[in-house]
Amino acid sequence: MRPQCFLAMGDSQLSKKQYTAAVTSFDKSIAINQESAAAYLNRGMAKQALKQHKTAIQDLLKAAALDADDSQGTIAAASSYEAMATTAIAEKKFDDAVISINQAIKLVPTKRAKYGKLAALVYSKLGLKLLEIGNTKSAETNFKNAIDHHSESAEAYAGLAQLSLNKDDFKVAADQYVKAAKLDRDVAVLYNKQAGRALGLFAETSLKKQQYATAAESLQLAATLNPAKGDYYNKLEAVAHNLSGYDLHRRSKFKDAIAEYSKAVKLDPNKAVSYRNRGYSYKSAGEYTKAIDDYTAAIKLDPNKSLAYKIRGEIRLLLTKDTDYSIVLSDLNKAAELAPTDAMAHYYLSFIYAACPDKFFRDPAKGLTHATKACDLTKHKNWEYLTMLAAAHAEGGMFEDAVKVCEKALELAPQANKAPIAVMRSYFMQNERLP
């Protein structure tokens, strides 16, 4: 029988999807005529249908070599390489997949865009496998190869992001995860969560570097990317604004500090420290009523913090007009109760009991108790506290002791503060209490 007969028979069987029979017919045709490009091509197609890709490729490339003007063999061989790559991916044989898909691209460069997506997937999978075993350098090379083959490979950008996280390049990692999320909407939620996590870590690093504005900005974006953890990021951002406010207050930029603390209050309204901090800046800026309001809010949220009572009591002392000393005493006694070793709380109490402008509230015994406590806690080295100890002695009629303590205060006080103490001493030397 002529080879054309076997060729025609094989073509008929191929069209009927009788692939095994078709291969046999093409075998017989080729045995008679080994230069038949059509026989090799069609046998390759039949083998391809049978998923015998390696031998199919041999036949298809042979057909292409015999008939250089016909590109069917080359294109079909590339398809077999693609199929082999897909199978290798499923079997997690990524090295084999890389070889196969690159062969497909080499055979048909014009289909680089099509095969490039599969190549990117292969390189990304291989990169992740290498990353798992700690081969970060090779993993990075594979992720970059993936992007070279397909610039919109979300999995490759996610892989690079993981590498960046491992190197503590948190901001870079976040940008890469965001890029991945934009490229693959099906897993955007996951990538955005990872981006939020990276931004949170970047913010923590920024806080340590005192880069408060950078931290706050990063946390705002993190909350947007991962709304499920928005409350956590908002609270951390509040910390950033508190630290920023503290830094500004330290540099006497009270209005700017108040603005930062206000942001913290808005982000985390149940955090007492934000109110305390803003209250202190209001106090320093001379806005006493607002300061009292903030300390009152702080006390409602955290009633066991002595500092809030002490500072609120101090501020009320500064409001000399129509001061209600009973309320001041309530604050200061509570502060001393919560923090018995707080020398300043005892100092303020000694002022009211020993030198209050409203003499109704003076109590020499209590004044002496609190003044002694304040001085003992500071080892009698604080000249201001010593002046109240002197006043308490005088209020109790112990003028000689009052004079001695005044002299000790004069020794310790800065030159600019000596004159008022000398005046105080002159009262006591004449056996007179403070007016």
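Side notes on the structure shown:
- In the stretch 340-347, the count of residues that are among the hydroxyl-bearing types (Ser, Thr, Tyr), surrounded by fewer than 21 Cβ atoms within 10 Å (Cβ to Cβ) and more than 24 Å from residue 411 (Cα to Cα) is one or more.
- In the stretch 114-139, the residues that are part of a helix (DSSP H, G or I) and either under 21 Å from residue 48 (Cα atoms) or free of Cβ contacts under 8 Å to residues at least 12 places away in the same chain (or both): 114, 115, 118, 119, 132, 137, 138
- Selection status of residue 61, surrounded by fewer than 21 Cβ atoms within 10 Å (Cβ to Cβ), closer than 23 Å to residue 14 by Cα and among the aliphatic types (A, V, I, L, M): yes
- Wholly within the stretch 247-345, helices (runs of 4 or more DSSP H) carrying at least 2 residues that are within 30 Å of the chain's Cα centre (by Cα): 254-267, 272-284, 288-301
- Some residue of the stretch 364-372 being buried (at least 16 other Cβ atoms within 10 Å of the Cβ), within 23 Å of residue 290 (Cβ to Cβ) and not aromatic (Phe, Trp, Tyr): no
- In the stretch 405-435, residue surrounded by the most Cβ atoms within 10 Å (Cβ to Cβ) [restricted to those that are among the basic types (Lys, Arg) and in contact (Cβ under 8 Å) with a residue 12 or more places away in the chain]: 425
- Flag for residue 275 being surrounded by 16 or more Cβ atoms within 10 Å (Cβ to Cβ), in contact with a Lys or Arg (Cβ under 8 Å, 6 or more places away or on another chain) and either of a type in the set (Ser, Thr, Tyr) or within 24 Å of residue 352 (Cα to Cα) (or both): no
- Of all residues in the stretch 145-159, those that are farther than 19 Å from residue 173 by Cβ have Cβ atoms under 6 Å from Cβ atoms of residues that are small (Gly, Ala, Ser), 6 or more apart or on another chain, in 149/116; 149/119; 149/120; 150/116; 150/120.
- One residue alone among 402, 365, 391, 335 is in the same structural domain as residue 430 (by TED's automatic domain parsing), among the small types (Gly, Ala, Ser) and in contact (Cβ under 8 Å) with a residue 40 or more places away in the chain, and that residue is 391.
- In the condition set (1) assigned to a helix (DSSP H, G or I); (2) under 39 Å from the mean Cα position of the chain (by Cα); (3) in the same structural domain as residue 398 (by TED's automatic domain parsing); (4) within 26 Å of residue 250 (Cα to Cα), residue 348 is compliant with all but (2).
- Hey, residue 29 of a type outside the set (A, V, I, L, M), part of a helix (DSSP H, G or I), crowded, with 22+ Cβ neighbours inside 10 Å and touching a Pro at 6+ places or on another chain (Cβ under 6 Å) or not: yes
- Filter result for the condition that a residue is surrounded by fewer than 20 Cβ atoms within 10 Å (Cβ to Cβ), closer than 17 Å to residue 280 by Cα and touching a Gly at 6+ places or on another chain (Cβ under 9 Å), over 290, 305, 300: 290
- Selection of the stretch 65-104 for residues being surrounded by fewer than 20 Cβ atoms within 10 Å (Cβ to Cβ), in a helix (DSSP H, G or I), out of contact with any His (no Cβ under 8 Å at 6 or more places or on another chain) and not β-branched (Val, Ile, Thr) yields 65, 66, 72, 90, 95, 96, 102, 103.
- Odd one out for residue 39, checked against (1) hydrophobic (A, V, I, L, M, F, W, C); (2) under 19 Å from residue 3 (Cβ atoms); (3) assigned to a loop (DSSP other than H, G, I, E, B): (3)
- Of all the numbered requirements in (1) surrounded by fewer than 24 Cβ atoms within 10 Å (Cβ to Cβ); (2) in a helix (DSSP H, G or I), residue 244 misses one, and that requirement is (1).
- In this entry, residue 319 passes the filter for residues that are within 25 Å of residue 259 (Cα to Cα) and surrounded by fewer than 18 Cβ atoms within 10 Å (Cβ to Cβ).
The values are calculated or read from the model by the stated rules, or taken from the named source; none is laboratory data. None of these values were measured; they are calculated from a predicted model. Glycine also receives a Cβ, built like all others from the backbone with ideal geometry; neighbour counts cover every protein chain displayed.
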